[in-house]
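Here is the structure we will look at.
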Amino acid sequence: MFSTRTNWPLAPNALALALKQGRESGQAILDLTISNPTEAGVSPEAEAVLAPLLSSEALRYEPEPRGLLQARQAVCHYYREAHRVFDLDPERLVLTTSTSEAYSYVFRLLCNPGDEVLVPKPSYPLFEFLADLSDVKLVPYPLIYDHGWQIDFDSLYKAATPRSRAVIIVHPNNPTGSYVSQSETAALNAFCRDYNASLIVDEVFLDYAHDGGPRPSFAANSEVLTFTLSGISKISALPQMKFAWVAASGPAELVAGAGARLEVIADTFLSLNAPVQLAAPRFLELRKQIQPILLDRLRSNLSELDRQLIAHPACTRLLVESGWYAVLRVPAVESDEDLAIRLLQQAQVSVHPGHFYDFPGDGHLVLSLITEPQIFRRGIARLLDFIENRLSPARG
């Protein structure tokens, strides 16, 4: 009765069941997986969020497939101010409710059923579902860790076929927190020219460099057809106000053709809601209020993690440049999922196992750096003590 594209395993996995059982039993679980800033005590002031929605203009419905001009102009202003992208025309933007929707638009634009999109590993697990729903085949290419994360270009070229339509880049990567370097950007452009492929670049964490320095956006990439995705879910810590976009850049003729087709796709699914579009200029300005608070928390929790790791040499933190997560390397004496379940059941600490993000082997845990500091400190202490106690019999 149902389509094969939705043949996913729908039963909760063992970790989800353990978490459900722990909460139902009343355990006080220290959650180190939180990704929603509204649940981590970090969000703009209520009045600043709600007031921009009270516009009489929102009572009119004026469908605009690419999004209201003033909202697209606000996005262009953000790129000029935050990332020095001065030539982004509003006509190169299409507004969406989320970056997930933006991915689906771009997949539909570029791919016929069965075409391939190259995707990094490790990276966010949502890609698999988005690809399935668009009848697109994902082909992984690895990121390798050697004093920092790098794209394995040999493997990227080996993964490519005549059906490769695009390469997904996450800049910075989630969860590794690694940016794409200038030399890697040049190599990616060369690859796309070789295979007549496009770049799809997810930049939702672009603003969260831990050193506070700005990083270049792929929205300025003019070498090959590039689709840059972002939104206020992370930029302004407003996941509940669904406002995102896809920006096209590259050779003018290709950008114009992509824009015309994206407009039809967006028109088919109807315009983003008017109140949020009208509030977009104010919402994007809220980043100036919320990002310093979030960055302070990220740095504080990362410093606390490093402080506690000094007493636990069996565990190490991988280098992270940006984003809301840290990757902890631990002794791989059992699967990451089994370790995460035992941490939950015996220490009441919730973490993400590395396989959730397609790490190539066991021995990786992913921790959220936006967790409230007191919870983070206590959770890390329990986690590290648990791992050390687990190793004690082997040492003895």
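The values are calculated or read from the model by the stated rules, or taken from the named source; none is laboratory data. Values in this document were obtained by computation on a predicted structure and should not be read as measured data. Cβ: placed from backbone, ideal geometry, glycine included. Neighbour counts: every protein chain shown. Please note that ligands, DNA and RNA were not included when accessible areas were found on the heavy atoms of the full protein model with its side chains. Shrake-Rupley method; radii C 1.70, N 1.55, O 1.52, S 1.80 Å.
Filter segment 156-184 for residues that are closer than 24 Å to Y105 by Cα, open to solvent by 30 Å² or more (accessible area, probe 1.4 Å) and either hydroxyl-bearing (S, T, Y) or not in a loop (DSSP other than H, G, I, E, B) (or both) and give the result.
Result: T161, R165.
Residues of segment 127-155 being open to solvent by 40 Å² or more (accessible area, probe 1.4 Å), under 19 Å from the mean Cα position of the chain (by Cα), under 22 Å from L229 (Cβ atoms) and without any contact (Cβ under 8 Å) to a residue 60 or more places away in the chain, which ones?
The answer is E128, L138.
Looking at this structure, is V333 outside any helix (DSSP H, G or I), more than 24 Å from E24 (Cβ to Cβ) and touching a strand residue (DSSP E or B) at 6+ places or on another chain (Cβ under 7 Å)?
Here the answer is no, as V333 does not meet what is asked.
Suppose we filter segment 333-346 for residues that are surrounded by fewer than 17 Cβ atoms within 10 Å (Cβ to Cβ) and of a type in the set (D, E, K, R); how many remain?
So the count comes out to 3.
Looking at segment 255-302 only, could you name the residues that are β-branched (V, I, T), open to solvent by 40 Å² or more (accessible area, probe 1.4 Å) and closer than 23 Å to V42 by Cα?
Once the filter is applied, which keeps residues that are β-branched (V, I, T), open to solvent by 40 Å² or more (accessible area, probe 1.4 Å) and closer than 23 Å to V42 by Cα, segment 255-302 yields only I293.
Being without any contact (Cβ under 8 Å) to a residue 60 or more places away in the chain and crowded, with 17+ Cβ neighbours inside 10 Å narrows it down to one of V320, V349, V330, so name that one.
V330
Contact list please: Cβ distance under 7 Å, first residue in segment 68-96 and of a type in the set (S, T, N, Q), second residue open to solvent by 30 Å² or more (accessible area, probe 1.4 Å), pairs at least six apart or on different chains.
Q70/P281
Could you tell me which residue of segment 206-221 is farthest from the chain's Cα centre (by Cα), considering only residues that are open to solvent by less than 10 Å² (accessible area, probe 1.4 Å) and more than 21 Å from A186 (Cα to Cα)?
Going through the qualifying residues, I end up with A209.
In segment 38-91, what count of residues is obtained for those that are of a type in the set (F, W, Y), open to solvent by 30 Å² or more (accessible area, probe 1.4 Å) and at pLDDT 95 or above?
Taking segment 38-91 first, the residues of a type in the set (F, W, Y) are 61, 78-79, 86.
Filter once more, keeping what is open to solvent by 30 Å² or more (accessible area, probe 1.4 Å): 61, 86.
Then keep just the ones that are at pLDDT 95 or above; that gives none.
Total satisfying the criteria: 0.
Filter segment 352-382 for residues that are of a type in the set (S, T, N, Q) and open to solvent by less than 70 Å² (accessible area, probe 1.4 Å); which is nearest to F127 (Cα to Cα)?
Filtering segment 352-382 for residues that are of a type in the set (S, T, N, Q) and open to solvent by less than 70 Å² (accessible area, probe 1.4 Å), the one nearest to F127 (Cα to Cα) comes out as S368.
Looking only at segment 185-197, which residues are under 26 Å from S233 (Cβ atoms) and either open to solvent by less than 10 Å² (accessible area, probe 1.4 Å) or free of Cβ contacts under 8 Å to residues at least 12 places away in the same chain (or both)?
Answer for segment 185-197, where residues must be under 26 Å from S233 (Cβ atoms) and either open to solvent by less than 10 Å² (accessible area, probe 1.4 Å) or free of Cβ contacts under 8 Å to residues at least 12 places away in the same chain (or both): just L188.
Looking only at segment 186-205, how many residues end up being of a type outside the set (F, W, Y) and either at positive phi or under 20 Å from the mean Cα position of the chain (by Cα) (or both)? Working first, answer last.
Within segment 186-205, the subset of a type outside the set (F, W, Y) is 186-190, 192-194, 196-204.
Now narrow it down to the ones that are either at positive phi or under 20 Å from the mean Cα position of the chain (by Cα) (or both): 188, 196, 198-204.
The number of residues fulfilling the criteria is 9.
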